[in-house]
Amino acid sequence: MRVLILAAFAGIVAATAPVAHADLLDIAIQIIKPELKPAKPVLMCALKGNQTVLQCAVAGGKAEVAKEPLVQDILEAYGYADKGDWPKLVAKVGVTAACTAFDIPAKEVVCDEYAKYVVKYGAKVIEAHAAVAKDVGAYVGSLVKDGAAVLTCAVGFSCPSSASDPNRYTVTMPGGTKYSIKKFNLDQMWSDCYATRVEEGISARIADPAKFQRMVKAPGTRLGNTNVLHDDALGRDCIVKIEADEELDYYERLEGIYARGWDPYAAQMNARWRDMIFVATAETLETAADLFLKSSDNWVKLRSVVVAQDKWDRPIIKGVYAGETTECLRAVELPASSVAIWSEGAAATGDTSVLEGMPGAQWAGKVRGWCTREYIPVLRGKVEARVLARSKAIAAGCTEKPTGGLSCPAAPAGSYIAAGIDQCRIAYSGRGDACTVVVLRAAAPLVTAPPPTAAPNVPLVIPRAKITIAPVTTPPEATPPPPVPPGAQPLPRLKAPAPKP
């Protein structure tokens, strides 16, 4: 995410091509009040500086122009654009007009979505400087009247001026040394040392709470054990400039005359600036916070269903969980890391901002570890439900198919036992062809043919069996009888009976 550095606005004007004064004036007229285009000669006359708008209007025969309240706004917008004072131009005409009408250098950076928030609050800081200066001056003045800040009276807002210079005072320091002190210009200090550090404040509030505390601390954060303001302290650059203009030497700077005189003002102005940064930072994080809420909801309700459907039956389910955790971190937690970091600094900075209806201090606990705490248990539950259903399907007679899924027998008619196919469909929900129903075919019963019968007066014809004649073969030779043992009487021969006559 690109970040806009408001302090660089004035410096980058040299990088843009020069624009004719008349063209800038045309643009200023167009975005503020196009109907005043005929009054351009009067405005050009006033811009030369020799005559007022009234004098130029009367001289040009357009006295009514001097009565138009928006004439001054046009001249101010022109002046900011001509000088390249982009923060004040934005404060005057708004982000949209400034980014679309004027040729702002590095417009793609200045006018991107994030920059719009920063410029918006930079403009608010500038617009508010008069009220802040007035309020702070009155507050410190009350301290002076109560005798609470003698040194501040010498350098402050409401103290009697020097007779010779209304912007200077003479103060006697401990030890008798007298100094001629320059009065603070609160308007200028607010614009130069507060409005230009809005982007820096947003970045510090998100990612560097310690720096943010140094910026807004009042009395201002000191450098070591000296009275010199720390580089991060708001107002520090303005104090250094005053010291340089006053040509204070090294030891006078260490004594911190102006730094100590600035403390009562810093207590008020730092608090105003801090509160603006709190609001601005919360707004810059709205997109990231909203994206986290939507993404996390989608991962629980949608992603877990899809992953459980596609990956639950992989051999190494632990690898699936590890991969899903990594992907979840990348897609859900990482984009919201700035919100978590900002949340972790809420207590240290005293930021009570609310983001998407939730106090800032609670966001870190919501974002950090969301994937392992919220998403993975939901995914694991859906996976385990499928694994259990598959086990029940196999117990009911289903068998694994070579191509994946199960083949299951249909439940017998009238069976009260849950069919394996139903459990298979639970396990493989979302995969239409994973579960196949197999109907088992019973063996055909043996049929015994009844004996043949004949109807009355119908002769029964019994088919002759086919007779097979074996081939004639030579009989084997007769085996001679065994020898008669000694002394045995031979058996008498039997004669065949004589035929009858």
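Report whether or not Thr352 is β-branched (Val, Ile, Thr), outside the structural domain of Ile426 (by TED's automatic domain parsing) and in a helix (DSSP H, G or I).
no
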>> Out of Pro402, Pro409, I need the residue that is surrounded by 15 or more Cβ atoms within 10 Å (Cβ to Cβ) and closer than 30 Å to Gly432 by Cβ. Which one?
In response: Pro409
>> I'm trying to understand the selection: among the residues of the stretch 338-347, which are assigned to a helix (DSSP H, G or I) and either modelled with pLDDT under 90 or surrounded by 15 or more Cβ atoms within 10 Å (Cβ to Cβ) (or both)?
In response: Ser338, Val339, Ala340, Ile341, Trp342, Ser343, Glu344, Ala346
> Does Val109 meet the test of being assigned to a helix (DSSP H, G or I), touching a Gly at 6+ places or on another chain (Cβ under 8 Å) and either surrounded by fewer than 16 Cβ atoms within 10 Å (Cβ to Cβ) or at pLDDT below 85 (or both)?
Replying inline: no
>> Take residues that are surrounded by 14 or more Cβ atoms within 10 Å (Cβ to Cβ) and touching a residue at least 24 places away in the same chain (Cβ under 8 Å) and tell me which of the helices (runs of 4 or more DSSP H) falling wholly in the stretch 43-98 contain 2 or more.
In response: 71-83, 86-93
> So is Arg303 part of a helix (DSSP H, G or I) and more than 21 Å from Ala204 (Cα to Cα) or not?
Replying inline: yes
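Scan the stretch 270-280 and give yes if some residue there is of a type in the set (S, T, N, Q), assigned by TED's automatic domain parsing to the domain that holds Pro359 and in contact (Cβ under 8 Å) with a residue 24 or more places away in the chain, otherwise no. Spell out how you get there, then give the answer.
Initial filter on the stretch 270-280 (of a type in the set (S, T, N, Q)): 270.
In the following step, the residues that additionally are assigned by TED's automatic domain parsing to the domain that holds Pro359 were identified as none.
Checking the stretch 270-280: not a single residue is of a type in the set (S, T, N, Q), assigned by TED's automatic domain parsing to the domain that holds Pro359 and in contact (Cβ under 8 Å) with a residue 24 or more places away in the chain.
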> Can you name the residue in the stretch 344-387 that is closer than 30 Å to Cys408 by Cα and in contact (Cβ under 8 Å) with a residue 12 or more places away in the chain and, of all such residues, is farthest from the chain's Cα centre (by Cα)?
Replying inline: Val387
> What residue, among those in the stretch 306-318 that are part of a helix (DSSP H, G or I) and over 26 Å from the mean Cα position of the chain (by Cα), is farthest from Arg425 (Cα to Cα)?
Replying inline: Lys318
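If you go through the stretch 376-421, how many residues are assigned to a loop (DSSP other than H, G, I, E, B), hydroxyl-bearing (Ser, Thr, Tyr) and modelled with pLDDT of 90 or more?
Restricting attention to the stretch 376-421, the residues satisfying the condition of being assigned to a loop (DSSP other than H, G, I, E, B) are 396-398, 401-405, 410-419.
Remaining after also requiring hydroxyl-bearing (Ser, Thr, Tyr): 403, 415-416.
With the extra rule that they be modelled with pLDDT of 90 or more, the set shrinks to none.
Count: 0.
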> For residues in the stretch 290-319 being of a type in the set (Gly, Ala, Ser) and more than 19 Å from Arg390 (Cα to Cα), which is surrounded by the fewest Cβ atoms within 10 Å (Cβ to Cβ)?
Replying inline: Gly319
>> Condition first: assigned to a helix (DSSP H, G or I), touching an Asp or Glu at 6+ places or on another chain (Cβ under 8 Å) and within 30 Å of Gly432 (Cα to Cα). Can you find one or more residues in the stretch 291-298 that meet it?
In response: yes
> Which number in (1) touching a residue at least 24 places away in the same chain (Cβ under 8 Å); (2) aliphatic (A, V, I, L, M); (3) loosely packed, with under 15 Cβ neighbours inside 10 Å marks the one condition that Ala322 misses?
Replying inline: (1)
> Across the stretch 244-264, which residue is modelled with the highest pLDDT among those that are more than 17 Å from Trp190 (Cα to Cα) and touching an Asp or Glu at 6+ places or on another chain (Cβ under 8 Å)?
Replying inline: Arg253
>> Please determine whether any residue of the stretch 302-319 is within 22 Å of Gly357 (Cα to Cα), at pLDDT 90 or above and either of a type in the set (A, V, I, L, M) or out of contact with any His (no Cβ under 6 Å at 6 or more places or on another chain) (or both).
In response: no
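The values are calculated or read from the model by the stated rules, or taken from the named source; none is laboratory data. Computed from a predicted model, the values in this text were never measured in an experiment. No Cβ is skipped: glycine too gets one built from the backbone with ideal geometry, and neighbour counts run over all protein chains shown.
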